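As structure tokens, the structure follows; a few thoughts come after it.
Taken together, the values in this text are just the output of simple stated rules run on the coordinates, not laboratory data. Values in this document were obtained by computation on a predicted structure and should not be read as measured data. So basically every Cβ, Gly included, is an ideal-geometry build from the backbone, and we count neighbours across all protein chains shown.
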Amino acid sequence: MKLRINACLGIQGASYSERYVPEGYHDDMEFEEYLREVSKVKDVTGHFVYYPGHPLIDSPEKLKKKLADHNSVVSDIGAVTWPDRKFKYGTLTSKDKKARKETVDIIKHTMDLAAELDAHSVLVWPAHDGMDYVFQADFAGAWDYLIESLEEIGEHNPDVKIAVEYKQKDPRAKCYIEDVGKLMYIIKSLKAQNIGAALDLGHAFLAGERPAETLEILSREDKLYQIHLNDNYRDADPDLLFGTINFWDTLEFFYWLAKTDYDGWMHTDFVSPRDDRMKMFRLVVKTIRDFEDMASKLMEHSDTIDKNLKDHNFVDNMDLVKKLIFNK
């Protein structure tokens with residue numbers, strides 16, 4: 001298993017504005033500086049870009065050339081709708097036909113760019129599609145609009161993969177697509193076959209899921225298009241540094257990942273509002289490789305581990321895993 005790792009200007013180069021310090025703790029990096037710094041980090045070979053707003057995004061060939069000059073490519077591309085106040089009551093589920101059309105048009109154009117940029121997939125995150133209170137949401141209408149919108153998006157270009165990102169909450173108190181179960185219901189309801197999932201590790205934790213099981217659910221349907229790596233305490237989604245909190249769940253996730261034929265990218269989806277951004281970035285890349293190496297060690301004993309799983313033999317499995325990982 002040799003996973004492909006990407007970077008993102010909107011993450012590694014951001015100022016990290018927050019509620020209490022709106023101007024953030026860093027200055028935004030210029031694109032050239034960002035590319036130069038990321039190119040120094042071993043094993044990072046792709047860049048997640050976005051539309052609208054990303055440098056050179058309206059000139060795909062220039063963007064590809066710029067990245068190639070730094071020995072890199074476009075990994076995936078995101079369709080950005082969440083920063084616009086016009087979508088405060090939703091995007092794909094909005095009762096406002098104009099808002100839904102604008103959202104769908106943005107995503108369609110992002111798909112066109114993905115084809116030109118040779119991106120692996122397009123990220124769709126319906127951030128504002130949800131509710132804050134009881135007796136606020138028209139569930140029937142919202143779900144009709146959601147299915148209808150995604151069907152139209154999928155039909156635009158069946159050769160472009162659409163990775164829908166689920167999240168339990170934030171910015172809304174409750175989001176419509178809050179867990180992998182609801183997302184899989186949507187996927188299975190669609191005629192379009194190019195709609196899949198972005199598995200954000202932190203969102204899986206927040207939803208109370210076991211990420212390894214979530215991975216298996218998506219993989220068995222061949223609908224895992226993106227993996228976003230971060231961590232949290234399961235109570236919010238601050239996008240903390242990957243692999244720093246939920247160690248055992250993450251190790252189990254990587255063990256099951258090693259069993260799949262996942263061909264997408266690993267998104268370094270964390271924020272570092274106070275610490276040195278590039279030092280944190282180098283650490284997260286190394287941590288990805290560390291978990292990859294640990295999973296490879298476990299895979300050498302997969303027959304024994306899998307037999308223990310089938311027999312519900314937790315103790316022998318943990319003894320073996322700890323011996324392999326900690327050399328004890």
Using the number of other C-beta atoms within 10 angstrom as an exposure proxy, rank Thr110, Thr45 with the fewest first. Thr45, Thr110
With the dipole of the range 4-294 worked out from charges on the C-beta (+1 for Lys and Arg, -1 for Asp and Glu) around the Cα centre, which of Ser94, Thr244, Gly53 lies farthest toward the positive end? Ser94
For the range 257-283 and the range 10-25, what is the centre-to-centre distance using only Cα atoms, to the nearest Å? 18 Å
State, as an integer percentage, the relative contact order of the range 10-131 based on alpha-carbon contacts under 8 Å between residues 6 or more apart. 22 percent
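What is the order of Trp256, Trp248, fewest Cβ neighbours within 10 Å to most?
The most exposed by this proxy come first: Trp248, Trp256.
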Give me the percent relative contact order of the chain, please, defined on Cα pairs under 8 angstrom at least 6 residues apart. 15 percent
Within a 10 angstrom radius of the beta carbon, how do Val49, Val122 rank from fewest other beta carbons to most? Val49, Val122
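Per residue, how much space in cubic angstrom lies within the convex hull of the C-alpha atoms of the chain?
Value for the chain: 144 Å³ per residue.
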Which one, His120, Gln168, Tyr145, projects farthest toward the positive side of the charge dipole computed for the range 4-294 from Cβ point charges (K/R +1, D/E -1)? Tyr145
Could you give the dipole magnitude of the range 4-294 about its Cα centre, charging the beta-carbon of Lys and Arg +1 and that of Asp and Glu -1, in debye to the nearest 20? 240 debye
For Ile147, net neighbour charge (Lys/Arg +1, Asp/Glu -1) across residues whose Cβ lies under 13 Å away: -2
With only helices counted (DSSP H, runs n ≥ 4, each -39500 (n - 2.57)), the per-residue ellipticity at 222 nm for the chain, to the nearest 500, works out to -13500 deg cm²/dmol
